[in-house]
Each structure stands twice: as C-alpha cells, then as structure tokens.
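A.B. asks: Handing you this structure, nothing more for now.
The values are calculated or read from the model by the stated rules, or taken from the named source; none is laboratory data. Note that the coordinates shown come from a computational prediction; the quantities given were computed from them, not determined experimentally. Glycine also receives a Cβ, built like all others from the backbone with ideal geometry; neighbour counts cover every protein chain displayed. The protein model used for the area step is the full one, side chains on, heavy atoms only, and it has no ligands, DNA or RNA in it. Shrake-Rupley method; radii C 1.70, N 1.55, O 1.52, S 1.80 Å.
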Amino acid sequence: QVQLVQSGGGLVQAGGSLRLSCAASGRTFSISAMGWHRQAPGKQRELVAVISSGGTTNYADSVKGRFTISRDNAENTVYLQMNSLKPEDTAVYYCEVATATGNYWGQGTQVTVSS
C-alpha cells in the first residue's frame, strides 16, 4: 500500500503561480511513474503531467511551457509548479503514482484561478 498526501493549491489571480506537492509513504520502493491529473466541474479527469522514474516528463498541450513537474525520489514526493495560471486551469488536482502492485491517488486539492 502507498499513501499519498497532497498539499498546496488554493485561490490565485490569473497570471499567478501555485505549487502543488504530493508526498508518498508506505511501500514507496516500488513507485515508478508519478503524475498529476485534474478535473474541472462537469468535465472528465484529464492528465496534466507525468514524470518517469528516470525523470522523463510529458505534459498536456494546454499546460506546456507553464507547468513543470518534478520529483524528489529521496523524499518520495512529486511537485507541480504552475505558472501563468489561467481561469481554465481551475479544477481539483489529483496526484497519482504507479507501483508494481497498482496505482494510487491523492485526496485532491482545489485550485481556483480568478480572472
């Protein structure tokens, strides 16, 4: 089992920045990829960014150049630095980690961007 605890998020004006964190505990030795998803009201959950165990990253087109995903393997933590935020980035953000025994999700954190 892996437990994930998210922090960060909140309310920010358009053009501002926020940083999300997701700390894993438990059977962290088997964690491979780590990522962030988001779900806006009335929309399906979508992948925002993912980072492999080797540090390879991929981003949704909508966030490329504005968001940066990173991880600290020693701390079993994944981060999402969000810059130049737009109102359309408003959503609940969830972290996800992939392990040898399955995928695990964080509890979600609200990000609200005001215009």
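A.B. asks: If you take the residues in the stretch 5-19 that are in a strand (DSSP E or B) and small (Gly, Ala, Ser), which one is nearest to the chain's Cα centre (by Cα)?
C.D. replies: Step by step, filter the stretch 5-19, then rank; the result is Ser7.
For every residue, the table says whether it meets (1) under 18 Å from Gln107 (Cβ atoms); (2) surrounded by 20 or more Cβ atoms within 10 Å (Cβ to Cβ).
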position: Gln1; (1), (2): yes, no
position: Leu18; (1), (2): yes, yes
position: Cys22; (1), (2): yes, yes
position: Val50; (1), (2): no, no
position: Val63; (1), (2): no, yes
position: Phe67; (1), (2): no, yes
position: Gln81; (1), (2): no, no
position: Glu88; (1), (2): no, no
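One line per residue, one yes/no per condition, for (1) touching a residue at least 12 places away in the same chain (Cβ under 8 Å); (2) open to solvent by 40 Å² or more (accessible area, probe 1.4 Å):
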| site | (1), (2) |
| --- | --- |
| Gly10 | yes, no |
| Phe29 | no, yes |
| Ser32 | yes, yes |
| Trp36 | yes, no |
| Ala60 | yes, no |
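A.B. asks: Right, next: In the stretch 38-89, which residues are in contact with an Asp or Glu (Cβ under 9 Å, 6 or more places away or on another chain) and under 20 Å from Thr101 (Cα atoms)?
C.D. replies: Val50, Val78 - these are the residues of the stretch 38-89 that are in contact with an Asp or Glu (Cβ under 9 Å, 6 or more places away or on another chain) and under 20 Å from Thr101 (Cα atoms).
A.B. asks: I've got another one for you. Within the stretch 90-107, how many residues turn out to be open to solvent by less than 20 Å² (accessible area, probe 1.4 Å) and either in contact with an Asp or Glu (Cβ under 7 Å, 6 or more places away or on another chain) or closer than 15 Å to Leu18 by Cβ (or both)?
C.D. replies: Of the residues in that region, 3 qualify.
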